[in-house]
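*Asks:* Got a structure here, written out as structure tokens. Questions coming.
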Amino acid sequence: MSNDEFSVGDLVRVHGLVSKPQFNHMIGVVKGYHENTKRYEIQPSRGSKTLAVKAVNLSDDEFLKPTEDRFKTERAYDNVFFWPSPNTTARIPIQCFSDCPSAESPKAQDTYIQNKLGWQSVDTLSGIEEEGRDKPTFLLLFDGLDESSPKNHTAMKIAKLLPEYKVQSCSRYKGTIRGVAILVYSPTKSTFSSMGMGLDHMNGQQVIEANRNRRFTPQLLYDIIQFHKTDRAERQYKNHDNPMHRVFGGFHNMTM
């Protein structure tokens, strides 16, 4: 069988295995192709060992691909799952799931993720930003009990940008994130009543809440991930490195 059916970095689902049925229905990433055995090397979403799988036992029809128009036009998602890159040159494998519960339903969201990826724990780092926005708009989810999957260097790069007080709020984050990570849209809420402040502290300014129903295309979500690998991200996070800015954004000259 030819080796041009799938490319390095493609997401695939395994099916029809007889000798190792426990891996059926698993999502994995293509790491390479072995001409001598006519099998693809697949990195499972969880764990360190790869699988050698024939093309007939792989499918990718369910996954939206960067080459499809919908990748850039379908504004229907509030999440992006991203896998460790199979090598230093491959595109980061991502996928968005329209049936994943939102951050407004955390228990349902956790159950969905655990069922889909086999996570033991759903841990959260908050405070993830978009380029040019004053306040954080995303959460970074990961399995803090995963000790065997490949390191997700992109997720670790994102986490490294966070202020220390944000990192310390997640007890299972020890500097390493393994396996799949997820960005979930969850814009920061900020109300003066919750901070114990009245309208006299507003100084005539207005705090505008983010649109919690906002949705993204896969391309926009991929761009948000890529932004965190730039010098621009380092500068932006550094400029926003205080709790008041992260709650109220660009709300200046507050009287305390």
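The values are calculated or read from the model by the stated rules, or taken from the named source; none is laboratory data. The shown structure was predicted, so the numbers you read here are calculated from the model rather than taken from an experiment. Cβ placement follows ideal geometry from the backbone for every residue including glycine, while neighbour counts extend to all protein chains displayed. All accessible areas refer to the heavy atoms of the entire protein, side chains included, with ligands and DNA or RNA removed. Shrake-Rupley method; radii C 1.70, N 1.55, O 1.52, S 1.80 Å.
*Asks:* So, Asp61, is that one farther than 25 Å from Phe142 by Cα, more than 22 Å from the chain's Cα centre (by Cα), acidic (Asp, Glu) and part of a loop (DSSP other than H, G, I, E, B) or not? I'd like the intermediate steps shown before the answer.
*Replies:* Numbers: farther than 25 Å from Phe142 by Cα: yes; more than 22 Å from the chain's Cα centre (by Cα): no; acidic (Asp, Glu): yes; part of a loop (DSSP other than H, G, I, E, B): yes.
So Asp61 does not fit the description; no.
*Asks:* Only one of these is over 27 Å from Phe6 (Cα atoms) and touching a Leu at 6+ places or on another chain (Cβ under 8 Å): Ile128, Ile113, Ile94. Name it.
*Replies:* The unique qualifying residue is Ile128.
*Asks:* In the set Lys160, Lys135, which member is more than 22 Å from Phe23 (Cβ to Cβ) and at pLDDT 95 or above?
*Replies:* Matching residue, one of Lys160, Lys135: Lys160.
*Asks:* So, of the residues in the range 67-105 that are open to solvent by 70 Å² or more (accessible area, probe 1.4 Å) and part of a helix (DSSP H, G or I), which turns out to be farthest from Pro187 (Cα to Cα)?
*Replies:* Arg70
*Asks:* Which condition from (1) in contact with a helix residue (DSSP H, G or I) (Cβ under 9 Å, 6 or more places away or on another chain); (2) without any contact (Cβ under 8 Å) to a residue 60 or more places away in the chain; (3) open to solvent by 20 Å² or more (accessible area, probe 1.4 Å) is the one that Met156 breaks?
*Replies:* Result: Met156 fails condition (1) only.
*Asks:* To continue, here is another question. Here's a check for you: in the range 106-129, which residue that is closer than 22 Å to Phe227 by Cβ and small (Gly, Ala, Ser) is surrounded by the fewest Cβ atoms within 10 Å (Cβ to Cβ)? Quick ask: steps written out before the conclusion?
*Replies:* We begin by selecting, within the range 106-129, every residue closer than 22 Å to Phe227 by Cβ; these are 124-129.
Those still in the list that are small (Gly, Ala, Ser) too: 126-127.
Working: Ser126: 16, Gly127: 23.
Checking each candidate, the answer is Ser126.
*Asks:* Related question: Residues that are among the aromatic types (Phe, Trp, Tyr) and under 21 Å from Val180 (Cα atoms): which strands (runs of 3 or more DSSP E) entirely in the range 9-58 hold 1 or more of them?
*Replies:* 39-44
*Asks:* Which residues, counting only those in the range 221-256, are surrounded by fewer than 14 Cβ atoms within 10 Å (Cβ to Cβ), modelled with pLDDT of 95 or more and not in a helix (DSSP H, G or I)?
*Replies:* Once the filter is applied, which keeps residues that are surrounded by fewer than 14 Cβ atoms within 10 Å (Cβ to Cβ), modelled with pLDDT of 95 or more and not in a helix (DSSP H, G or I), the range 221-256 yields only Thr230.
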